[in-house]
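The values are calculated or read from the model by the stated rules, or taken from the named source; none is laboratory data. None of the values given here were measured: they were computed from a predicted structure. For neighbour counting, all protein chains shown are included, and Cβ atoms are generated from backbone atoms with ideal geometry for every residue, glycine included.
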Amino acid sequence: MFARRPQLATASASSASSRGAGSFFANPYVGAGGAAAIFVAAAAGLVLAVGDPHAGAPAVQVALQAPAGPLPGPLRPAPSPDALGADGGVLTLDSLAPGQDVAMPGAPAGEAVIILPQGGSMGGASGASGRPAGRPAAQPLPAAPIAGLFVPGPGGPLPVVGRDGKTPFQAYARPFQSNGKPKIGLVIGGLGLNAAATRAAIDRLPPEVTLSFVPYADGLQGWIDLARATGHEVMLEIPMEPLDSLNNDLGPQTLMASAQPADTVKRLEWLLSRSAGYFAVTNYFGGKFLNSPNGMGAFLSALRTRGVGFIDDGQGARRFMVGGLARASADTVIDEQLSGEAIDRQFQALEAAALQHGQALGAGFAYPLTVEQAARWTQALAGRGYQLAPASALTRR
């Protein structure tokens with residue numbers, strides 16, 4: 001979903017060395033050593049002059065604790081939502097009490113604190129809730145996969161419409177009741193590849209925020225189960241051919257603009273069967289594929305058949321409306337510029353769009369700064385006369 005990346009500014013320092021006269025400095029080893037000394041001195045002087053060279057970048061402080069017992073194994077994709085309980089029995093996610101924490105297998109002991117450049121911090125304690133103080137725990141969403149809404153696929157459960165006509169979109173979307181106020185939705189994506197960032201987004205953001213996961217992530221089903229156990233609806237990111245494919249390798253299952261429809265559907269089904277519990281998919285890149293009539297035709301037809309929606313990052317611009325397919329396009333990417341002030345301006349633009357149109361949808365990437373800014377913004381949203389809504393509530397058919 002996040003084809004446009006924030007451009008991070010980098011600073012570089014250069015130094016010049018001068019040649020001395022005489023045979024001593026003509027020695028190549030002495031000359032090289034002297035040049036190195038001059039470079040180090042110049043760099044040290046630059047740091048003293050301008051301050052911390054890492055100022056403005058998030059810093060991470062990690063306090064490690066020795067584990068009490070043997071470390072568990074790594075996260076693994078699993079179609080079952082079961083996890084081992086402390087007594088060796090089976091603990092299912094749908095049996096968790098609201099607010100009960102789930103310790104992800106393979107997570108290290110200790111606590112990571114991310115210090116933000118704009119002030120404030122984010123906790124990433126393993127096995128502990130990072131929910132902001134004062135926010136009540138959300139009701140868990142039903143565990144996935146739901147019987148009757150999947151068939152065996154090439155990599156796991158493949159979504160299908162139930163015999164009674166119920167779709168995976170309807171079954172896995174977060175329930176929503178409008179209160180008549182302008183609705184604003186927010187999708188945070190790129191999740192599943194970085195454990196700390198994924199856990200922070202799940203814990204720090206309110207359950208109305210939709211989370212989007214990378215299909216290649218290890219332990220994908222476990223992360224989706226955890227997100228749904230804390231009330232978040234989820235989407236799956238589908239890699240699509242970008243405009244610049246030479247510099248953006250999105251993996252072997254990328255949907256290609258020149259592919260035959262049968263190949264597009266085959267790759268899509270592999271991606272869809274990587275996990276269960278998503279109500280819709282979104283594009284990852286896709287500047288070229290999204291403008292391919294044949295490719296998009298096969299893609300959207302397959303989604304409609306399987307009862308799954310499609311929400312794009314804005315590149316679709318509300319095109320590709322297909323009967324029976326739930327659709328939406330993001331109005332803005334909130335963190336194209338990765339600074340607190342820029343993100344706040346995008347949130348203000350979302351509020352203005354919601355006032356004008358009755359609803360608005362934003363999208364962002366799971367950067368620590370983005371998650372923290374979003375957590376603060378959503379806390380005050382209701383007080384300004386808006387209703388935070390899951391992305392599924394902003395779709396149209």
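Of the residues making up region 331-355, those that are within 20 Å of the chain's Cα centre (by Cα) and in contact (Cβ under 8 Å) with a residue 40 or more places away in the chain number 9. Please work out if Gly358 is at positive phi and more than 17 Å from the chain's Cα centre (by Cα). Yes, satisfied. Note on region 346-376: residues that are over 24 Å from Ser178 (Cα atoms) and either part of a strand (DSSP E or B) or touching a Gly at 6+ places or on another chain (Cβ under 8 Å) (or both) amount to 6. Taken as a whole, the structure places Gly148 among residues that are loosely packed, with under 14 Cβ neighbours inside 10 Å and not hydrophobic (A, V, I, L, M, F, W, C).
Filtering region 295-324 down to residues that are at pLDDT 95 or above and part of a loop (DSSP other than H, G, I, E, B), which residue is farthest from Ala389 (Cα to Cα)? Filtering region 295-324 for residues that are at pLDDT 95 or above and part of a loop (DSSP other than H, G, I, E, B), the one farthest from Ala389 (Cα to Cα) comes out as Gly307.
Here is a yes/no grid of residues against (1) outside the structural domain of Thr210 (by TED's automatic domain parsing); (2) surrounded by 17 or more Cβ atoms within 10 Å (Cβ to Cβ); (3) free of Cβ contacts under 8 Å to residues at least 60 places away in the same chain:
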site: Arg274; (1), (2), (3): no, yes, no
site: Phe279; (1), (2), (3): no, yes, no
site: Thr282; (1), (2), (3): no, yes, no
site: Gly287; (1), (2), (3): no, yes, no
site: Gly295; (1), (2), (3): no, yes, yes
site: Gln315; (1), (2), (3): no, yes, no
site: Val322; (1), (2), (3): no, no, yes
site: Ala326; (1), (2), (3): no, yes, no
site: Ser329; (1), (2), (3): no, yes, yes
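Where strands (runs of 3 or more DSSP E) fall entirely within region 170-270, those with at least 3 residues that are hydrophobic (A, V, I, L, M, F, W, C) and surrounded by 24 or more Cβ atoms within 10 Å (Cβ to Cβ) are at 183-191, 234-240.
Applying the condition of being surrounded by 19 or more Cβ atoms within 10 Å (Cβ to Cβ) and within 23 Å of the chain's Cα centre (by Cα) to region 297-306 and asking which residue is nearest to Asp263 (Cα to Cα) yields Phe299.
Among the residues of region 377-397, the one identified as part of a strand (DSSP E or B) and touching a helix residue (DSSP H, G or I) at 6+ places or on another chain (Cβ under 7 Å) is Leu388.
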